[in-house]
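*Asks:* Below: one structure in structure tokens.
The values are calculated or read from the model by the stated rules, or taken from the named source; none is laboratory data. These numbers were taken from a predicted model, which means no experiment stands behind them. Positions of Cβ are generated from backbone atoms using ideal geometry, with glycine treated the same way; all protein chains shown enter the neighbour counts. Each accessible area value is taken on the protein alone, full model and side chains, heavy atoms only, with ligands, DNA and RNA left out. Shrake-Rupley method; radii C 1.70, N 1.55, O 1.52, S 1.80 Å.
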Amino acid sequence: YNITPISFNKVSVNDAFWFNRIQTNREVTIPIAFGHCEKTGRINNFKIAGGLMEGKFQSDAPFDDSDVSKIIEGAAYSLTTFPDAKLEAYVDTLISYYAAAQEDDGYLYTWRTIMGDNSHDWIGSKRWEFTHVLSHELYNLGHMFEAGVAYYQATGKRNLLDVCIKAADLLCKDFGPDGIHTWPGHQEVEIGLVKLYGVTGEKKYLDLAKFFLDVRGNCTDKTGSTYDQSHKPVVEQEEAVGHSVRALYMFTGMADVAAITGDDSYNEASHRLWKDIVETKLYITGGVGAAGGHEGFG
């Protein structure tokens, strides 16, 4: 990086405005969010996939795994400001369900493990078949990678980090120049892989993140779309288009690659896209998803 990054667990926020909100996050928001994951079956999905209880997939969509990971990540941030033995023990229990749900080779996608192939229109007849469309297999893993890194940085515990490394190693084996050529239909795994690289020093994770970016618009056997920003190579994109959540995850991954590698084409593309968003698509609130229905740029 051309700056010296400081890990979140090395920063203390104690001004009255933000400190009170961080405290509310710990006392109210995180417990409510975990409670919703329990009520909707999102946590039970991991237990069922891991053979710890019986049943079918209990929530609404294959991407529901990601919600539990997002809240674990938030809990990790909270633990650095408010050490909380009860919360930490609860998260450790959740992580044990992740470890149980993970298949022997590292694959972790509770819908397929529980329901089988072709059990949902989005998931296809085999692993990774609809990665570039709606399976969210890589999206789920990206959020898990971010959670695993955050929890390791906050607590020093490797329990979720080791699950992440096992899954990431499977991705490195299955995807890449000598493997499957496809892009994540819903970006996010790129950010998680970069964060894994940051704590492990394993360059293959950074390389895979860049591969997932570079393959967009460069697949000869798949048609790209502006909806998920796969219509042209990322370094050639000049305007933010399509689904804004997907796009901002992708642009964050691009900025990481630009900063770490110093790649001029990534730097230039990142600046172009930033300028386009800030000058033409950004609300004063910071929001960019102007178009209803698909959370898109307007």
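*Asks:* Among the residues of the stretch 241-264, is there at least one that is touching a helix residue (DSSP H, G or I) at 6+ places or on another chain (Cβ under 6 Å) and open to solvent by 70 Å² or more (accessible area, probe 1.4 Å)?
*Replies:* No, the stretch 241-264 contains no residue that is touching a helix residue (DSSP H, G or I) at 6+ places or on another chain (Cβ under 6 Å) and open to solvent by 70 Å² or more (accessible area, probe 1.4 Å).
*Asks:* Restricting the first residue to the stretch 259-280 and requiring it to be farther than 9 Å from residue 235 by Cβ, which pairs with a second residue that is among the β-branched types (Val, Ile, Thr) and surrounded by fewer than 16 Cβ atoms within 10 Å (Cβ to Cβ) meet a Cβ separation below 9 Å and a spacing of at least six or different chains?
*Replies:* Hits for this filter: 259/3.
*Asks:* Can you find a residue that is among the hydrophobic types (A, V, I, L, M, F, W, C), touching a residue at least 12 places away in the same chain (Cβ under 8 Å) and open to solvent by 30 Å² or more (accessible area, probe 1.4 Å) anywhere in the stretch 139-150?
*Replies:* no
*Asks:* Kindly indicate whether any position in the stretch 258-265 is farther than 24 Å from residue 143 by Cβ and not in a loop (DSSP other than H, G, I, E, B).
*Replies:* yes
*Asks:* Is it the case that residue 199 is over 14 Å from the mean Cα position of the chain (by Cα), part of a helix (DSSP H, G or I), β-branched (Val, Ile, Thr) and farther than 16 Å from residue 145 by Cα?
*Replies:* No.
*Asks:* Now for a different question. If you check residue 228 against the conditions, is it surrounded by 15 or more Cβ atoms within 10 Å (Cβ to Cβ), of a type in the set (Asp, Glu) and free of Cβ contacts under 8 Å to residues at least 40 places away in the same chain?
*Replies:* The answer is no for residue 228.
For every residue, the table says whether it meets (1) within 24 Å of residue 61 (Cα to Cα); (2) touching a Phe, Trp or Tyr at 6+ places or on another chain (Cβ under 9 Å); (3) touching a residue at least 40 places away in the same chain (Cβ under 8 Å); (4) outside any loop (DSSP other than H, G, I, E, B).
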| site | (1), (2), (3), (4) |
| --- | --- |
| 178 | no, no, no, no |
| 182 | yes, yes, yes, no |
| 185 | yes, yes, yes, no |
| 190 | yes, yes, yes, yes |
| 212 | yes, yes, yes, yes |
| 216 | no, yes, no, no |
| 219 | no, yes, yes, no |
| 223 | no, no, no, no |
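*Asks:* Where in the stretch 3-121 are there helices (runs of 4 or more DSSP H), lying wholly inside it, with at least 1 residues that are open to solvent by 70 Å² or more (accessible area, probe 1.4 Å) and farther than 24 Å from residue 185 by Cβ?
*Replies:* The helices (runs of 4 or more DSSP H) meeting that bar are 16-24, 30-39, 65-81, 85-101.
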